[in-house]
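The values are calculated or read from the model by the stated rules, or taken from the named source; none is laboratory data. None of the values given here were measured: they were computed from a predicted structure. Note that each Cβ is placed from the backbone with ideal geometry, even for glycine, and that neighbours are counted across all protein chains shown. Just so you know, the surface numbers come from the protein's heavy atoms only, side chains and all, with ligands and any DNA or RNA stripped out. Shrake-Rupley method; radii C 1.70, N 1.55, O 1.52, S 1.80 Å.
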Amino acid sequence: MFFQKDNKTFEINMDNIPQHIAIIMDGNGRWAKKRALPRKAGHKAGAETLEKIIGHCSKLGVKHLTVYAFSTENWKRSQEEVDAIMDLLRQYLNVYFKRFLKDNIRLRVIGDRSRLAQDIQESIMENENRTKDKDGLCVHIALNYGGRDELCRAVKKAAKDVETGNLKAEEITEDVIASYLDTADVPDPELVIRTSGEERISNFLLWQVAYSEFYFTDALWPDFTDKMLEEAIYDYQNRERRFGGR
Ligand code: IPE
Ligand code: IPE
Ligand code: MG
């Protein structure tokens, strides 16, 4: 597949598409501010971008897309903004996501959903159940997600299993720890993209990004395009991954 940039043509190697792409969708607020719109409008525009990017990942043959939608720290925002994000989420689960059904897309949610409103938890379960046999792109939405919170919950679960005799301390390996995480059974992301010019991890997938390639772009999330996704994949394909070897 080819794409154009600065009057040059680049080719993406379709045999080396990352299996798992993770995205920190940042910059919705700044996008709105630039247009003198309320922050809520930025989140709405961001939700539309997500719909496009899901479609494009599916077309490119990506197997897993994990998107950071709401962090464990995002509760610190104004009640008005949190409510607006939760309302968009309701819409996403009830309306947008139905459109993906025909595209063989599966939905999963990572993060501590117990703090989300009851109706949202039910919609999540309904969507997860309805799409559980789809074998195309799997979209993992990180909601009330924090990498440290995920590790904390995983350690608690493992400790309970030790208490009940289902796990022995000396049996704990990296694979065992991974199996207690929200992402159990999902390969680690090869590529992590963060938009909006910020170059930090903000508590996203701390365990899973040990050897991921990072791609930062100044584009604000609502302005992120299919072509920018292709550029990120092209950049990834032209890196040398060493995993500590040489
Ligand atoms: C990302 O956009 C969306 C969420 C964190 C929910 P922001 O809302 O963080 O946008 P900026 O960083 O303020 O521009
Ligand atoms: C990270 O963005 C969380 C999401 C994109 C959901 P933030 O905007 O919350 O992160 P910081 O505050 O810039 O680190
Ligand atoms: Mg932000």
Candidates Asn144, Asn203, Asn127 - the one that is farther than 24 Å from Tyr236 by Cα and within 16 Å of ligand 2 (Cβ to nearest atom): Asn144
Whichever residue in the range 27-41 is open to solvent by less than 70 Å² (accessible area, probe 1.4 Å) and more than 7 Å from ligand 1 (Cβ to nearest atom) and, among such residues, is nearest to His140 (Cα to Cα): Ala41
Every residue from the range 227-246 that is closer than 22 Å to Ile24 by Cβ and open to solvent by less than 50 Å² (accessible area, probe 1.4 Å): Leu229, Glu230, Glu231, Ala232, Ile233, Tyr236, Gln237
Subset of the range 80-116 [part of a helix (DSSP H, G or I) and within 14 Å of ligand 1 (Cβ to nearest atom)]: Glu80, Glu81, Val82, Asp83, Ala84, Ile85, Met86, Asp87, Leu88, Leu89, Tyr92
Residue match in the range 176-185 (condition: on the phi > 0 side of the Ramachandran plot, touching a Lys or Arg at 6+ places or on another chain (Cβ under 8 Å) and either small (Gly, Ala, Ser) or not in a helix (DSSP H, G or I) (or both)): no
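Yes/no per residue for (1) open to solvent by 40 Å² or more (accessible area, probe 1.4 Å); (2) touching an Asp or Glu at 6+ places or on another chain (Cβ under 9 Å); (3) within 16 Å of ligand 2 (Cβ to nearest atom):
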position	(1), (2), (3)
His43	no, yes, yes
His64	no, no, no
Glu81	no, no, yes
Leu88	no, no, yes
Every residue from the range 129-160 that is surrounded by 14 or more Cβ atoms within 10 Å (Cβ to Cβ) and over 30 Å from Arg200 (Cβ atoms): Arg130, Thr131, Lys134, Gly136
Members of the range 1-26 found to be within 25 Å of Cys138 (Cβ to Cβ) and either within 12 Å of ligand 2 (Cβ to nearest atom) or open to solvent by 40 Å² or more (accessible area, probe 1.4 Å) (or both), listed by number: Met1, Asn13, Met14, Asp15, Asn16, Gln19, Ala22, Ile23, Ile24, Met25, Asp26
